[in-house]
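Computed from the coordinates by the stated procedures, all read-outs in this text should not be read as laboratory data. Predicted model, so just to flag it, every value in this text is computed and none were measured. Glycine gets a Cβ as well: all are built from the backbone with ideal geometry, and neighbour counts include every protein chain shown.
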Ligand SMILES: *Cc1c(COP(=O)(O)O)cnc(C)c1O
């Protein structure tokens with residue numbers, strides 16, 4: 001497992017996808033998803049130039065954030081897992097971004113709990129774009145109401161949308177979900193021109209090319225950088 005080489009390969013894939021889609025490479029950022037991986041793996045990615053990392057589990061994420069703070073390594077941390085309201089304080093106090101916001105109540109808690117000496121917490125609204133049985137994310141029709149609610153919270157900064165489409169091998173189905181997200185994203189930008197809506201977080205190791213073709217500005221890549229995850233421990 002060579003994390004540096006893997007990162008280079010992913011960067012090349014992103015570059016190719018951007019070329020194919022006639023997009024500028026600097027418009028697509030790479031979030032390295034480090035859940036279940038040790039700090040040594042994150043350090044290797046850091047040494048290869050990676051700065052943005054995503055974590056799914058609050059406690060695990062906070063331990064890593066504190067480790068790198070103690071070592072004066074400046075990273076940007078994104079929370080990308082489901083959040084129970086009793087854990088919101090840890091996210092508000094430690095993370096830079098929260099990508100899975102799907103309830104006004106959690107937004108209020110994060111806003112109240114964000115330390116005032118920190119910059120506002122960047123947030124993305126999670127849209128339940130294809131998997132109606134999943135509990136994560138809101139339905140597209142609910143997007144604008146939640147966005148307007150977040151807009152009025154001074155310690156949150158609404159930056160855009162995030163989605164985890166249902167996994168599928170069917171490229172058309174994949175693109176269909178991504179295109180719907182692109183339309184919602186444009187709708188959000190037009191509806192709230194006073195907000196800095198610049199982030200559409202979609203695309204993982206298996207579908208980043210299609211996501212970039214459909215306007216993704218942030219791909220979230222775990223396996224292709226760090227290898228398969230071991231959940232047995
Ligand atoms: C785990 C995870 C990823 C990364 O998935 P890979 O297939 O390993 O690239 C991306 N986004 C979210 C929300 C995840 O939970």
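Things worth noting here:
- Considering the conditions (1) more than 21 Å from residue 89 (Cα to Cα); (2) outside any helix (DSSP H, G or I), residue 115 is excluded by exactly one of them, (1).
- Within segment 24-81, restricting attention to residues that are within 13 Å of the ligand (Cβ to nearest atom) and assigned to a loop (DSSP other than H, G, I, E, B), the residue that is surrounded by the fewest Cβ atoms within 10 Å (Cβ to Cβ) is 57.
- Verdict on residue 181 being within 11 Å of the ligand (Cβ to nearest atom) and either in contact (Cβ under 8 Å) with a residue 24 or more places away in the chain or more than 29 Å from residue 156 (Cβ to Cβ) (or both): no
- For segment 163-176, taking the residues that are in contact with a helix residue (DSSP H, G or I) (Cβ under 9 Å, 6 or more places away or on another chain) and either under 9 Å from residue 129 (Cβ atoms) or in contact (Cβ under 8 Å) with a residue 60 or more places away in the chain (or both), the one that is farthest from the ligand (Cβ to nearest atom) is identified as 166.
- Search result, residues across segment 189-208 that are in a helix (DSSP H, G or I) and either free of Cβ contacts under 8 Å to residues at least 12 places away in the same chain or crowded, with 20+ Cβ neighbours inside 10 Å (or both): 189, 190, 208
- Hits in segment 4-18 - residues which are touching a helix residue (DSSP H, G or I) at 6+ places or on another chain (Cβ under 7 Å), more than 12 Å from residue 221 (Cα to Cα) and in contact (Cβ under 8 Å) with a residue 12 or more places away in the chain: 4, 17, 18
- Qualifying residue in segment 216-223 (condition: in contact with a strand residue (DSSP E or B) (Cβ under 7 Å, 6 or more places away or on another chain) and free of Cβ contacts under 8 Å to residues at least 60 places away in the same chain): no
- Residue in segment 149-160 that is in contact with a strand residue (DSSP E or B) (Cβ under 8 Å, 6 or more places away or on another chain), over 19 Å from residue 96 (Cα atoms) and surrounded by 13 or more Cβ atoms within 10 Å (Cβ to Cβ) present: no
- Some residue of segment 166-185 being closer than 21 Å to residue 87 by Cβ and in contact with a strand residue (DSSP E or B) (Cβ under 6 Å, 6 or more places away or on another chain): no
- Selection status of residue 176, closer than 16 Å to residue 125 by Cα and over 18 Å from the mean Cα position of the chain (by Cα): no
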